[in-house]
Every structure is written in structure tokens, then in C-alpha cells.
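Engineer: Once you've had a glance at the structure underneath, I'll fire off some questions.
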Amino acid sequence: MEWIHSLVSDWQLLADLSFADLVLWVRLRDDDGWAAVAQMRPTTGPTAFQNDLVEVVLRDDVNSTGSRSLLRVEGRRALIDRAWWEGRICRDGDPDWSGGVPVREETIPVRRGGRLIGVIQRSTNLSSARTPSRLELTYLQSAGDLAQMIAEGSFPFSDQGPIMVRSPRVGDGLLRLDRNGEVVYASPNALSAYRRLGLAADLVGARLDRITLELAAPGEARDENLTYTASGRAPEEAEVEARGVTVQLRSIPLTIDGARIGALVMVRDVTELRCRERELMTKDATIREIHHRVKNNLQTVAALLRLQSRRLDNHEARTALDEAVGRVGSIAIVHEMLSHTPDEVVDFDDIADRVVQMAAEVSSTGETVVPRRVGGFGLLNALVATPLSMVLAELVQNAVEHGLGQGPGQIEVRVRRFDGDPNLSDASSLELAVSDDGEGLPEDFDLENTTSLGLQIVRTLVVGELGGTLAVKPKDSGGTEVTIGLPLGREEGEVPG
């Protein structure tokens, strides 16, 4: 299975070099037929199969029925069987016209450690056939070598890691090396990339490793894999920089019957890509630094308010300043978390615990209030996290000051998150409840006309800014419970428009 996964992750290379569709067939568990488990279309030529064949089953005793492309597979079933039983590449000299266009078929046995594990069906659409150019002849020759390596079990490479999406492809630029590492063919795109590096001479006939090292910018830290990659002796990837240009190389050693016959080196100019990546890294660092400075400034403001509070004799004024300290501090906690993350998403559970503890400490005179959290918020966008932190701080403060009357008691923060199914376009939502076991609500309480600044702030943030719902009700067992419902959108922490 690992070998098949490795093959499928890299067989776009074979499809592009062959100008052909590839279908991987494996034997059924009961060994009475074939199943198509993977398919790849070429980016360099027209497809031979308009319909997908993955999950198609061809049994030995029952003929399948289906589309024209499937009928073509049934007609060439003998080639798949021959490649499997004879253990060699099988070709059909006559084009197949069953699909309405001429298609040449070929089957390649897939071998792993001397054991056959599948067959690749290679189908070439000949509708646009013409006299091949030097580039196309090189592609086809290289495809033949790769097919032979697959049949021998030497491709894909067992010591090579997963192929990245951004690795160079055939169309980006191709160099063909001989066994000595000299370039025998250079595609126009590959030659253009080396011209941008500063190459003045022709690549054909030159040792690629020497040319590449000579072009590398002096004094620059060179990729340690550059020599191995440019020589084509190892399946490696590397980058070379010169004159402000970055070129990515990927080498594919070619070995037939255990003997090295040369190598393929894919070349891709990634200058603009690396520039954008550096710009994004710089922007991310700048944004994190801004969050850090905002956090420091907010902490300074909180310290000044706290200092001013200590100088006041009026109890009402001191209480107002202490509450302002809590509000500023809750926002500072969010910015502190954002200064440590590469994006605008934070784990709100840590923020919630710190905000709840801070609000309880600011509002109580001793360690008599026991706050606790049940459930998890998960990851939230900063646009949600900042107002939600203020909402949470206000609710805990109100619970301590008004619900418990600054006396002993318990405060519970209960949270439930509902993540919708993105395939069904379901929106995610969050339900938050803050409750206490205190005196409960006064008989004449009216949320719409309350004079409490804290609840007015909560209502403005929840209903006005976050588009949520707010409800305040007495608990059956005594005390008060405030319930909030927040829509998060179809993505993590997305604020509804």
C-alpha cells in the first residue's frame, strides 16, 4: 500500500512525459478480476478517457457494461492480463477506435521487491498526432525509461519522501542528463531559467552540477543537496539563487537493469513565489509585533487606571475604574495570544480561563469566588475572540458583584460548540452560559431597560457586533443564568456578514 501511494503521488510525471492517461489496476481480493484504484490525466496532451474509471471492476467471468471509455477498457482487457502474467510491458500496435478517436494502449506491470502488485494501463490519444519535435521525442524516451523502472521495481524511489505539490513539473522545464551528468537536452523553459541565473553559454554538452555551482551567488549559503541534485545521482530537490533569481531543481535518476543511464532534472523558476513568501513572512512578523505593542499599551493603560483608582476616595468612582481595568485587561489578553500565532486565529480556551480568573480577582475581596469552565470554545477568529473576551469578563464581573453580592459562591461558565458540516453548508455556532448560585434577579428586572453598564456593553457586543442572541433568566436552583448564542459562519470563527 505504501508503494502504491508513493507511485500515485508521483505518476503525474509519467503521464506528462507520455502524453497519455494512466489507470492503475489491482487484483480483487478473491483474485477473480481487476479494480481500477487510481487514474491520472496528462497536462501535456488530450485525454483518452472522458469518464473516470476509478472503482470500475472487471471480473473474469462477468463482462462489465458502461460508457465508451469503459468499453475500450474491456476491449483491451487482454493487455492488462498479459502484463500481469508475463511480468513485462505489453504494447498494442493497432490504435483502438472504440471511443471514436484513435487511442494507443500499453500496459506496465507494477513491481515491488520482486512481487507484482498491479498494472498501469497507459492510453495515448492519437487524434492530434503529428511529426514529433525534439522536445516530444525526449519526453517519450524519458517516459519509456520510467515505465521500465516501474516494471523493474526501481521507481518510485524507496528513500524519497512524499512529493510536494510545489515540486517542479515536466512543463516547468526539463533537462536530460547522460550517465556522466552532461546535459543532452534542455527544454526552452529550463534554458530560460538558467539564462535568468546568468548563464551565457549553451547548456547542452555542459556538466550541470559544475554550471549550477558556478552560477550560484558567491557568499550565499548553498543548499547542501545542490550538488547531488544537479548531478542527477540522487532523487533530491534543491534550490539555487543568483542575481536575485531562485530556481528550484528536482532530479530523477534513471536506472535500467541496475545500471545508471542518466537522469531527468525538472527546473522551475520560483523567484516570484519566494518573493511573495518572504513578503508574507514579513507581514506576519509585523502583525505579530503590532499585537505585542498593542498588548503592552493596553497593559500600560490598565496600570494607569489602577493607579488612579487607588488615589480616589469615592467608592463609586473607584469601582468604575476597576471595571475599566478589567475590560482593558481582557482585550490585552487576546492581543497577547495573537502576538504568538502566525494567523488571526487563537485557542480561546486559554483566554477564557485567564479572563474568568482575572474578572473574579478584580471583583472580589478574597478567594471566596470559585469560577469554573465546562466545555471548550476551540479556535476562534480574532474578530470574534476580542469582543467575546469582553463579554465574558463583564458577565463574570456582574455575577460576582450583583449575583453573589461580593460574597462567597460559585460561578460556572458552560460552553458548547456546534460545528456544521461544510459539505452541507451548515453554519457553526457557539452557546455560552454564565451562571451563579447567588441571590437571583430582582422582580422588576428588564433586560431591555436595564441601567447596568456591563449588561448594556454585553448586549451591544453580542447582538449588535456579533449578530447573536442574549437571554437572562433565574435558575431553578437559585441564582442567575445568562445565555448567549453566537453564529460563527461556515468556517472556524468566521463572523457573519
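Engineer: Pairs please, first residue from the stretch 192-205 and closer than 18 Å to Leu177 by Cα and open to solvent by less than 60 Å² (accessible area, probe 1.4 Å), second anywhere and hydrophobic (A, V, I, L, M, F, W, C) and assigned to a loop (DSSP other than H, G, I, E, B), Cβ atoms under 7 Å, 6+ apart in sequence or on different chains.
Structural biologist: Tyr194/Leu203
Engineer: Pairs, please: C-beta under 7 Å, at least 6 apart or cross-chain, first residue open to solvent by 40 Å² or more (accessible area, probe 1.4 Å) and in the stretch 262-281, second in a helix (DSSP H, G or I)?
Structural biologist: Matching pairs, first to second residue: Arg268/Asp172; Asp269/Ala193; Asp269/Arg196.
Engineer: Return yes or no: is Thr255 under 30 Å from Gly153 (Cα atoms), open to solvent by 30 Å² or more (accessible area, probe 1.4 Å), hydroxyl-bearing (Ser, Thr, Tyr) and assigned to a strand (DSSP E or B)?
Structural biologist: Considered against the rule, which asks whether it is under 30 Å from Gly153 (Cα atoms), open to solvent by 30 Å² or more (accessible area, probe 1.4 Å), hydroxyl-bearing (Ser, Thr, Tyr) and assigned to a strand (DSSP E or B), Thr255 comes out as yes.
Engineer: I'd like to verify a number: residues in the stretch 153-181 that are at pLDDT below 95 and not in a loop (DSSP other than H, G, I, E, B), how many?
Structural biologist: Qualifying residue count for the region: 3.
Engineer: Here is a follow-up. I'd like to check something: does the stretch 268-276 contain any residue that is of a type outside the set (S, T, N, Q), closer than 30 Å to Tyr185 by Cα and in a strand (DSSP E or B)?
Structural biologist: yes
Engineer: Now, a different point. Which pairs do you get when a residue that is closer than 19 Å to Leu137 by Cα, found in the stretch 39-52, comes within reach of a residue that is of a type in the set (Val, Ile, Thr), reach meaning Cβ atoms under 7 angstrom, with the pair 6+ apart or on two chains?
Structural biologist: Qualifying pairs under 7 Å: Thr44/Val170.
Engineer: Would you pick out the residues in the stretch 33-49 that are farther than 23 Å from Ala78 by Cα, of a type outside the set (Gly, Ala, Ser) and either open to solvent by 20 Å² or more (accessible area, probe 1.4 Å) or touching a His at 6+ places or on another chain (Cβ under 8 Å) (or both)?
Structural biologist: Thr43, Thr44, Pro46
Engineer: May I pose another question? Being acidic (Asp, Glu) and buried (at least 18 other Cβ atoms within 10 Å of the Cβ) is true for just one of Asp52, Asp30, Asp60, Asp10. Which residue is that?
Structural biologist: Asp10
Engineer: Looking at Ala360, is it at pLDDT below 75 and in a helix (DSSP H, G or I)?
Structural biologist: In short, yes.
Engineer: Report, ordered by the first and then the second residue, all pairs with beta carbons closer than 7 Å, sequence separation of six or more or different chains, a first member in the stretch 303-330 that is over 22 Å from His291 (Cβ atoms) and assigned to a helix (DSSP H, G or I), and a second member that is modelled with pLDDT of 80 or more and charged (D, E, K, R).
Structural biologist: Close Cβ pairs (under 7 Å, with a partner that is modelled with pLDDT of 80 or more and charged (D, E, K, R)) amount to Ser309/Arg318.
The values are calculated or read from the model by the stated rules, or taken from the named source; none is laboratory data. Small disclaimer: the values here were computed from a predicted structure and weren't measured. As a convention, Cβ positions derive from the backbone with ideal geometry for all residues, glycine included, and neighbour counts pool all protein chains shown. These area figures cover heavy atoms from the full protein model, side chains too; ligands, DNA and RNA do not enter into them. Shrake-Rupley method; radii C 1.70, N 1.55, O 1.52, S 1.80 Å.
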